[in-house]
């Protein structure tokens, strides 16, 4: 069967299917793209192919091994039930397992040493290969990244790594050079709408989700909805303020998490796009202003994704918005 649940990523399916059926699977992949577009799902389905009891090169998805590869333990740490499918993620394992303190700043070196390096020297327990999936690989601390790099440079037989990231530029150049990139694109709005609707979320939310199912789910939450409405209202107030000093409080409304701020900016950009679409027939000048504001916000998002300081990015955005 192979990748039957991976929707909206035909190039990814074709690339991985050819590698599996042709017997030339890379020892380390880097799945990069936005959150909520199928990176982890693809990694798990690739893991199924590596542990399938039926010998199906793409994974049958129905045998015991395939099912356990995608079924997570109900209690922490929530990892797959198959012993040959390992997960690495910041904060996934308790200190009692790692023998170290918190991982507040990123994936620590002890997790790499104990979960990865302590295992790669041994053959798979059941499957024909060992699959190690690193969630948010850009959160590897420098020491953890260097520890992982050693095994990427000297790959163990029958071992495959899949690094998942939405910020590949934050990875060490040496890690990027030793992993094969597979790029995931934002999903079509129709697919996002279908998947959201199946989870009880109005499909209209897909228009604001940026091609991401997880972002669509987050947008549907009441708290997130309120935050979006307040952010748009603050932006409108900033534009109406008599001077720049009265407009800058918008910059003070930023959430602590960068991803949350990106979601708010994405919603603001979509709001301007919808307003421009509504105004284009009767108010050409207003539609042009709204289109310019959309551009200002999307550029701010790009600056933020390039690790720009959130406060400075927002202040610059407010200044530019007031010039439109």
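The values are calculated or read from the model by the stated rules, or taken from the named source; none is laboratory data. What you see is a predicted model, and the numbers here were worked out from it, not measured in a lab. Virtual Cβ from ideal backbone geometry, glycine too; neighbours counted across all protein chains shown.
Could you pull out the residue among 169, 158 that is more than 17 Å from residue 87 (Cβ to Cβ) and in contact with a strand residue (DSSP E or B) (Cβ under 7 Å, 6 or more places away or on another chain)?
On inspection, the qualifying residue turns out to be 158.
Residues in the stretch 177-193 that are over 14 Å from residue 36 (Cβ atoms) and either under 17 Å from the mean Cα position of the chain (by Cα) or without any contact (Cβ under 8 Å) to a residue 40 or more places away in the chain (or both): 177, 181, 182, 183, 190.
Yes or no, residue by residue, for (1) modelled with pLDDT of 95 or more; (2) over 18 Å from the mean Cα position of the chain (by Cα):
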residue: 30; (1), (2): yes, no
residue: 50; (1), (2): yes, yes
residue: 57; (1), (2): no, yes
residue: 64; (1), (2): yes, yes
residue: 86; (1), (2): yes, yes
residue: 93; (1), (2): no, yes
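Can you find even one residue in the stretch 63-72 that is surrounded by 21 or more Cβ atoms within 10 Å (Cβ to Cβ) and closer than 18 Å to residue 140 by Cβ? There is no residue in the stretch 63-72 that is surrounded by 21 or more Cβ atoms within 10 Å (Cβ to Cβ) and closer than 18 Å to residue 140 by Cβ.
Okay, residues lined up against (1) buried (at least 18 other Cβ atoms within 10 Å of the Cβ); (2) in a loop (DSSP other than H, G, I, E, B); (3) touching a helix residue (DSSP H, G or I) at 6+ places or on another chain (Cβ under 8 Å):
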| site | (1), (2), (3) |
| --- | --- |
| 58 | yes, yes, yes |
| 77 | no, yes, yes |
| 127 | yes, yes, yes |
| 132 | yes, no, yes |
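Checking residue 177 against (1) surrounded by fewer than 17 Cβ atoms within 10 Å (Cβ to Cβ); (2) in contact with a helix residue (DSSP H, G or I) (Cβ under 8 Å, 6 or more places away or on another chain); (3) assigned by TED's automatic domain parsing to the domain that holds residue 45: exactly one of these is not met. Which one? In the conditions (1) surrounded by fewer than 17 Cβ atoms within 10 Å (Cβ to Cβ); (2) in contact with a helix residue (DSSP H, G or I) (Cβ under 8 Å, 6 or more places away or on another chain); (3) assigned by TED's automatic domain parsing to the domain that holds residue 45, residue 177 misses (2) alone. The residue that is modelled with the lowest pLDDT, counting only those in the stretch 305-324 that are over 21 Å from residue 260 (Cα atoms) and touching a helix residue (DSSP H, G or I) at 6+ places or on another chain (Cβ under 7 Å), is 324. Screening the stretch 43-56 for residues that are touching a helix residue (DSSP H, G or I) at 6+ places or on another chain (Cβ under 6 Å) and assigned to a loop (DSSP other than H, G, I, E, B) and picking the one that is farthest from residue 131 (Cα to Cα) gives 53.
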